[in-house]
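**Student:** Below you will find the structure I want to go over with you.
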Amino acid sequence: MTKPSATIRVPAWVKRLDQMPAEVTQRALEESREFLRDEARRNASKGGANGLRVRSGRLLRSIRTYLKKNSKGGTLSLGMVFYGWVHDRGAVIEPVKAPRLRFYIPGAGWRSSMRVVLPERRWARDALDATKKKYSSFLQQAIRQAVRK
């Protein structure tokens with residue numbers, strides 16, 4: 001004979017759901033931060049149309065990721081030396097006080113020009129876009145880990 005009542009036990013992971021969103025978001029952002037740093041360094045060191053041909057290691061060493069935590073999770077950003085962003089977005093360099101720009105090219109000697117155009121090479125923004133696409137998988141992984149505890 002069966003009992004006239006039913007009891008449902010609430011699993012322990014359900015009780016932790018109120019704390020879970022902040023923990024899960026922070027864990028996913030930490031994973032994204034590492035991915036962004038590695039992706040930016042990989043993009044900066046590759047050649048080709050969107051990559052930079054890095055000669056010294058200054059740009060690669062200067063790549064930093066910043067995670068500012070807040071109540072809604074946080075903000076992930078990328079930082080580096082100024083010329084990294086110049087190469088990412090492209091720029092036109094024109095003389096300000098002189099009639100022409102003058103610069104030295106190793107192996108070719110001194111050159112002058114009215115302006116220098118640096119083409120856009122989306123290496124940093126490509127890393128940010130890849131991180132945005134990958135964030136949902138980091139979040140799913142963090143949720144799975146939090147539920148297993």
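Quick note: the coordinates plus some simple rules give every number you see, no bench work behind them. Source: prediction; values computed, not measured. FYI the Cβ positions are ideal-geometry reconstructions off the backbone, even for glycines, and counts take in every protein chain you see.
**Student:** Find which of Leu101, Ala146, Leu118 sits farthest along the positive direction of the dipole of the range 96-149, computed with +1 on the beta-carbon of Lys and Arg, -1 on that of Asp and Glu, about the Cα centre.
**Tutor:** Of the candidates, Ala146 comes out farthest on the positive side.
**Student:** Provide the gained length on full extension for the span Phe103 to Arg58, in nm with one decimal, where the gain is 0.36 nm per separating residue minus the Cα-Cα distance.
**Tutor:** Here the answer is 14.1 nm.
**Student:** With the cut-off at 25 Å, tell me which of the pairs Lys46/Lys97; Lys69/Lys134; Lys46/Lys68 have Cα atoms farther apart than that.
**Tutor:** The answer is Lys46/Lys97; Lys46/Lys68.
**Student:** Once you charge only the Cβ atoms, +1 for Lys and Arg and -1 for Asp and Glu, what is the size of the charge dipole of the range 50-149 about its Cα centre, to the nearest 20 debye?
**Tutor:** About 360 debye.
**Student:** Can you quote the Å³ per residue value for the convex hull of the Cα atoms in the range 30-149, rounded to an integer?
**Tutor:** 135 Å³
**Student:** Report the local net charge at Leu101: Lys and Arg +1, Asp and Glu -1, summed over other residues whose C-beta lies under 10 Å from its C-beta.
**Tutor:** Result for the neighbourhood of Leu101: +3.
**Student:** Once you keep just the Cα pairs under 8 angstrom separated by 6 or more residues, what percentage relative contact order results for the range 53-141?
**Tutor:** Computed over the range 53-141, the figure is 22 percent.
**Student:** So what's the convex hull volume per residue for the Cα atoms of the range 55-98, in Å³?
**Tutor:** Expressed per residue, the convex hull around the Cα atoms of the range 55-98 is 124 Å³.
**Student:** Packing-wise, with mean Cβ within 10 Å as the measure, how do 94-101, 111-118 rank, highest first?
**Tutor:** 111-118, 94-101
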